[in-house]
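Novice: So that we are looking at the same thing, I have put the structure below in structure tokens.
The values are calculated or read from the model by the stated rules, or taken from the named source; none is laboratory data. Nothing here was measured: the structure is a model prediction, and the numbers come from that model. Every residue, glycine as well, gets a Cβ built from its backbone with ideal geometry; the counts of neighbours run over all protein chains shown.
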Amino acid sequence: QILDVIYFLDCVEERLEHMEPQGPMSSFHSVCRPSISIKDYVYRIAQYARCSPQCFVLAVIYIDRMRSEETVEINTLTIHRLAITAIVVASKFLDDRYHSNATFAKIGGTTGSELNVLELEFVFRLRFELYVSSECFEAYSQHISNFRASREL
């Protein structure tokens with residue numbers, strides 16, 4: 001499941017590379033594009049944070065909710081910060097044991113105080129609607145798996 005999410009986000013980043021950032025700046029915007037690919041970034045988070053695989057699917061759902069509500073532009077300047085923040089929120093919502101924001105920040109290459117701000121803004125932009133039905137979760141999980149399978153044919 002984690003590898004499927006990593007592959008999916010890598011393809012999203014590929015599509016974003018051809019799009020010029022347009023919307024207003026937000027806390028999720030980096031000054032410049034990170035040198036690490038989203039694939040390597042999320043793999044690093046998975047390797048060191050050891051969140052449940054379901055957290056990564058839930059993170060995609062949260063990011064997609066932000067995209068569909070147009071609360072923040074998703075582009076090459078925002079995808080990394082959105083990813084770490086979504087994974088932090090998903091881990092806290094889903095997992096019984098999770099790391100502190102300071103640990104997640106170290107893994108994600110940011111500061112604890114910056115991650116605190118991002119997390120707060122993230123949940124406010126989602127209007128604190130963090131619950132995802134099992135049907136919705138399964139649909140996203142299946143879509144992500146099917147996406148990878150269709151690309152490997």
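Novice: Which condition breaks for S26 when tested against (1) surrounded by fewer than 18 Cβ atoms within 10 Å (Cβ to Cβ); (2) without any contact (Cβ under 8 Å) to a residue 60 or more places away in the chain; (3) of a type in the set (S, T, Y)?
Specialist: Against the list (1) surrounded by fewer than 18 Cβ atoms within 10 Å (Cβ to Cβ); (2) without any contact (Cβ under 8 Å) to a residue 60 or more places away in the chain; (3) of a type in the set (S, T, Y), S26 comes up short only on (2).
Novice: Further question on the same structure: Name every residue in segment 30-39 that is under 15 Å from the mean Cα position of the chain (by Cα), hydrophobic (A, V, I, L, M, F, W, C) and not in a helix (DSSP H, G or I), in order of residue number.
Specialist: Across segment 30-39, the qualifying residue is only I36.
Novice: Tell me, which residue of segment 113-133 that is without any contact (Cβ under 8 Å) to a residue 12 or more places away in the chain and of a type in the set (S, T, N, Q) is surrounded by the most Cβ atoms within 10 Å (Cβ to Cβ)?
Specialist: Restricting to residues being without any contact (Cβ under 8 Å) to a residue 12 or more places away in the chain and of a type in the set (S, T, N, Q), the top hit is S113.
Novice: Counting only residues that are more than 13 Å from H29 (Cβ to Cβ), among the hydrophobic types (A, V, I, L, M, F, W, C) and over 14 Å from the mean Cα position of the chain (by Cα), how many does segment 108-123 have?
Specialist: Residues flagged as more than 13 Å from H29 (Cβ to Cβ), among the hydrophobic types (A, V, I, L, M, F, W, C) and over 14 Å from the mean Cα position of the chain (by Cα) within segment 108-123 amount to 1.
Novice: Within segment 125-146, is there a residue that is outside any helix (DSSP H, G or I), at pLDDT below 90 and out of contact with any Ser or Thr (no Cβ under 8 Å at 6 or more places or on another chain)?
Specialist: Taking every residue of segment 125-146 in turn, none turns out to be outside any helix (DSSP H, G or I), at pLDDT below 90 and out of contact with any Ser or Thr (no Cβ under 8 Å at 6 or more places or on another chain).
Novice: Among what's in segment 67-92 and is among the hydroxyl-bearing types (S, T, Y) and more than 15 Å from E121 (Cβ to Cβ), pick the residue that is surrounded by the fewest Cβ atoms within 10 Å (Cβ to Cβ).
Specialist: If we take residues in segment 67-92 being among the hydroxyl-bearing types (S, T, Y) and more than 15 Å from E121 (Cβ to Cβ), then S68 is surrounded by the fewest Cβ atoms within 10 Å (Cβ to Cβ).
Novice: If you don't mind, there's one more thing I want to ask. Take S68 and decide whether it is within 25 Å of T111 (Cβ to Cβ) and of a type in the set (S, T, Y).
Specialist: no
Novice: Now a separate question. Looking only at segment 75-107, which residues are modelled with pLDDT under 90 and out of contact with any Asp or Glu (no Cβ under 9 Å at 6 or more places or on another chain)?
Specialist: Of everything in segment 75-107, those that are modelled with pLDDT under 90 and out of contact with any Asp or Glu (no Cβ under 9 Å at 6 or more places or on another chain) turn out to be L77, T78, D95, D96, R97, Y98, H99.
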